[in-house]
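Have a look at the structure below, then the notes.
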Amino acid sequence: MVALFLIMKAGFSIAQEEHEQAWEQAAASGEAGASLDWDPPGQQRFNVNTITEDQLTSLQLLHPIQVKNFLAYRKKYGDFISLMELQAIPSWDIPIIHQLLPYLKLHTTLPLAPELQQRFKEGAHRLLYRTAGKWETDSSRYIETSQLLNHRFQFRDLLQWGFTLEKDAGERKTPDHVSFYASIGNKGIIKKIVLGDFTVNMGQGLIHWQGYALGQSNNLVTGYRQGTLFRPHTGTDENRFHRGLAISLQKKNWEFSGFISSQKIDARLTEDSLAKILWASTIQTSGLHRTASELAGRKSLRWQSLGGRIRYLHQQHTSTLNFIYHAFGNPLLKEPTPYNLYAMRGRSFPLLSFDHSFFSKWGFFFAETAVKPMEAIAFMGGWMKSLDAKFDLSLSGRMIAKNFAAFQSNSLTTSGESKDEKGFFVNFNFHPHPQHQLDGYLDRFQKIALGYGNDGIQYGKRLSLQYKWVPQKKLEFYVRWTHGMKNQNDRNAASKSNLLPFATTDQWRSHFSCKPNMVWMIRIRNEWTRLLIPSKPAETGYLHYAEIIYAPPLKKISLSLRASSFETGGYATRIYAYERDLLGYFSVPAHDGKGSRYYALIQYKWRKGHTVAGKIIFDQRKGEAQTNWRLQWIWEP
């Protein structure tokens, strides 16, 4: 048992590194934040004999071919009798298994559909309290603290309920945000019912996607959106979720799902003096209510939605019809600027999409076609195949009309939004030897409509290559080069040529990590970046950090220490780096200007079921210094 725990601890570090890199790349695209929606590895473990397709894909570590091979193996050979059997699944290699071990467990006697009484009795409670604050050293000014109280009850994915009470720093109302949910699943034809707050993910994200999704990265999984249709909203985002009722019913190969939602979200309302009406010019997503303008926009816009899907499931293919309808209490109307010409406007927004995927001997194919009735169309599709036991390849393309718009979408585009873009994305993973792995991707894109940063057609590309060397289990080293190119907004240059000048960005990273024993881990990173814009001096930057992690197995205490130094020419050459943090919280701060950043994170299990943790951060840059701190207490009876 102890040996299995040690293997899981090793797998935890590998799996965590995979998600850290994904979060860093998402932050660089403006998609990252801090949320309770993502459970850290090891917090929820699934039985390999009962884990579902939705649960496997929600881990964001497996591509569809690997998921299909797992389910086919279990169906053919029956229940697993040992986790060692995972090595026999086609396309599952040792690195993949190590990443998944923290999420998996083995039980052979649990019933598939326990009675409701058993779900209440055997479920797990978790109560979390967090407080945080900031101290500006130079001015000796103390900033008001934030508060968070979160409770969750969970019995697998069959019964869940919980609530969140939150107040951000500087807000007067306590609590400023209240969220709640209750969910039941796998009860007869009922696949899932969620009452209260929940997120909705559809297709490839063209018409709606509220949950966590990987952006463009070296990981092959990023080429295909995977997620659960309805999921309880456990995070702290105050605007990106639905409030109402969601239900999924499944009978043999057919699934019928629907939801209805009504709530108020933050927005900036402007009065039309002639028509005597209020219209929403901006949807505010920060969730902060500190200043007079932020308070004026708090919960000022009524948002109602209904939607769902009809899905036919087959062993080799899946066909889905998705639909969603949004209605707002006040019409949406952006400021009359050229780059808002194709922005969403009006009170109601219906969207439809057809999503289809199928397996064949030629690989895995997928596509989604979305329609904004009588106005615009969007398409995204691709192909994925393991060409060899050591080489995986993914290709995808997208064509989104300039007048297509979807509220709270998240598709595989350069911005994450489904609007005005044509592009082609290719991704590969090559692992010729357990000690060597080469990953990479290439994305080419083009935008037609005027945008905030361009006065004409914008096009560009992004290329990334990463080589990883693992000479032994306790030692890992990787290097990555990323090259980006896109034309810039330069009216003077555009007047002399039909082509706008290109800006190029290059980033180089070297990352080293080792575990000299089962207690210590050491990480060292060096990263450089350079931005070249024609007729302007080159802008460069660097980031160096060293980190020590003390996490002895079966002990009560763990500790992380990091020291960073950085210098960049400005915000355009900022560098993101993931930081270890409190449970249920992740942070990917931007490093720009010149300065240093230090943090210490400590966790202590002082009594059975009780865990306390704290983090202190000292950040000094641009002649200013501040100290941030966070404290957290978790009770798991």
remark   = With the label point 7 Å along the Cα-to-beta-carbon line of residue 282 and a cut-off under 19 Å to each amide N, the hits in segment 394-435 are 408
Helical contribution to [θ] at 222 nm, DSSP H n ≥ 4, -39,500 (n - 2.57), averaged over the chain, rounded to 500 = -3000 deg cm²/dmol
request  = Could you work out the mean projected area of the convex hull around the alpha carbons of segment 207-310, in square nanometres to one decimal?
outcome  = 10.0 nm²
message = Give me the three principal axis extents of the chain from the C-alpha atoms, as integers in angstrom, largest value leading.
response = 69, 56, 54
ask   = What size of dipole, in debye to the nearest 20, comes out for the chain about its Cα centre when the only charges are +1 on Lys and Arg C-beta atoms and -1 on Asp and Glu C-beta atoms?
value = 780 debye
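Arrange 636, 527 by Cβ neighbour counts within 10 Å, fewest through most, would you?
Lowest to highest Cβ neighbour count: 636, 527.
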Sites residue 245 and residue 554 - FRET efficiency at Förster radius 45 Å, r taken between beta-carbons, to 0.05 = 0.55
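How big is D for segment 488-637, in µm² s⁻¹ as a whole number, if Stokes-Einstein is applied with the Kirkwood radius of its Cα pairs at 4 °C and 1.567 mPa s?
D = 72 µm²/s.
Please label the shape of segment 344-460 as rounded, prolate or oblate, based on the square roots a ≥ b ≥ c of the eigenvalues of the alpha-carbon gyration tensor (a/c under 1.5 means rounded; beyond that, a/b larger than b/c means prolate, else oblate).
oblate
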task = For segment 137-215, just list the percent of Cα-Cα distances falling in each 10 Å bin from zero outward, please.
result = 15, 29, 32, 16, 7, 2, 0
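Read the figures in this text as sums done on the coordinates, not as results from a lab. Owing to the predicted nature of the structure, the values given are computational and were not obtained by experimental measurement. We place every Cβ from the backbone using ideal geometry, glycine too, and count neighbours over all the protein chains shown.
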